[in-house]
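The values are calculated or read from the model by the stated rules, or taken from the named source; none is laboratory data. A quick note: this is a predicted structure, and the numbers were derived from the prediction, not measured. Cβ: placed from backbone, ideal geometry, glycine included. Neighbour counts: every protein chain shown.
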Amino acid sequence: MTEPRQTQGESPPPAQDRPTLEQLERELKLEQTKHLWMRVTRNTLFFLSVVSAAVVILVVFLFPVVQLEGTSMAPTLRDGDILVSVSGTQISYGDMVAFYHNNTIFVKRVVAVGGDTINIDSEGVVYVNDEPLEEPYLTEKAKGSCDIPLPYQVPIDQFFVLGDHRSASIDSRHAAVGCVGADMVLGRVTLRIWPLDRIGLLGDGS
């Protein structure tokens, strides 16, 4: 009688070395959980990227944020104040605007617009079209350093701007600055977000 021949190849593992059904199910759940977390992580990173891009677009193009340097807008604004401006809004008398000049951002107040005639007397009273300008935001009036010929007519599509601290501000009274063209305006300053104890909206006459 001949003995049965063994089949070629590796013999199956002993029964005690084979994974049980419970172990297989647990391993499957671990793999499914790992894939789930990977998908959640990818979606979260994508969402954060989209939100970050949207915030950058808003800050740069619609709501530019600027930090004030100096005291030219005191007492309304102080050195170090962080302000939010709004682009694309209509600019009117009394509005504070952020604008570019020689690659620097300034914040001043609009006191006259294109076509207006402006004059400033020796006491610092500002006249627009021969009418004295009411300026409740000032604590002191001063003609300051002025080297433009007065009375002065503001060119069309430009703004005549002054700092609230008239004796210290360099603004449209100086030929080196002059009037601000509409294309130079970054936005109308509407909100102070720093320091926290002075956070709040800023309107005309604020």
From the list GLY124, GLY205, which one is modelled with pLDDT under 95 and not in a strand (DSSP E or B)?
-> GLY205
When the stretch 95-109 is examined, which residues are found to be at pLDDT below 95 and touching a Phe, Trp or Tyr at 6+ places or on another chain (Cβ under 9 Å)?
-> TYR100, ILE105
Since ILE156 meets every condition but one in (1) at pLDDT 95 or above; (2) assigned to a loop (DSSP other than H, G, I, E, B); (3) within 27 Å of the chain's Cα centre (by Cα), which condition does it not meet?
-> (3)
